[in-house]
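Below is one structure, written out as C-alpha cells; comments come after it.
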Amino acid sequence: MKRFLLAFLLATLCLSGFAQDKQAILKVLENQRQAWNKGDMEGYMEGYWKSDSLLFVSKSGPEHGWKTTLENYRKAYPGKAAMGFLTFDIKEVRLLNATNAFVLGGWHLKREKDEPQGYFTLLFKKIKGKWVISADHSS
C-alpha cells in the first residue's frame, strides 16, 4: 500500500509539473504572438534563447545566433504592414524531459495583400527556470 501511495504521489507530481511546464511554454508563444501583432520585434525575440547557439532553420537553410535571427526577421519584416497579424495553431506540446520540450504548430499571417502560412517545429529548453526556444524550423 505504501508503494502504491508513493507511486501515486510521484505520478501526480509529474503530471502537475508537466501541466505547469506546458502552460509556461504556451505563455511564451502567446507573448511572442502579442509582441508581433504590436510590431514589437524585440519583444517577439524574447521567446528565443539569447545565445550564439540558437538554431533557426528556414527555406534559406540553417543559421545560428540570436542576433542573426533578429537581423533576418528585421530584413524579412521591415515594418508593421509586413508583419501583419499573426496567429498560431498549436498542434502538440511534448515534454521530452525536465528541461526540453518539442512543439509542433502552424502559423498564419494576415496582411493587406496576402495571407502567408506554414508550419513550425520548436525545441524549447528550460534555462535558469525559464522556457526559451533553442531551435526553430519554420516553413
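Restricting attention to region 83-97, which residues are exposed (fewer than 12 other Cβ atoms within 10 Å of the Cβ) and under 18 Å from residue 117 (Cα atoms)?
Residues satisfying the conditions are 89, 92.
May I ask you to list the residues in region 99-118 that are in contact with a helix residue (DSSP H, G or I) (Cβ under 8 Å, 6 or more places away or on another chain) and either among the basic types (Lys, Arg) or loosely packed, with under 12 Cβ neighbours inside 10 Å (or both)?
111, 112, listed by residue number.
So, residue 52, is that one modelled with pLDDT of 95 or more, surrounded by fewer than 12 Cβ atoms within 10 Å (Cβ to Cβ) and over 15 Å from the mean Cα position of the chain (by Cα) or not?
Yes, satisfied.
Does region 120-135 include one or more residues that are surrounded by 14 or more Cβ atoms within 10 Å (Cβ to Cβ), hydroxyl-bearing (Ser, Thr, Tyr) and within 12 Å of the chain's Cα centre (by Cα)?
yes
The values are calculated or read from the model by the stated rules, or taken from the named source; none is laboratory data. The shown structure was predicted, so the numbers you read here are calculated from the model rather than taken from an experiment. In this analysis, Cβ positions are derived from the backbone assuming ideal geometry, glycine residues included, and neighbour counts consider all displayed protein chains.
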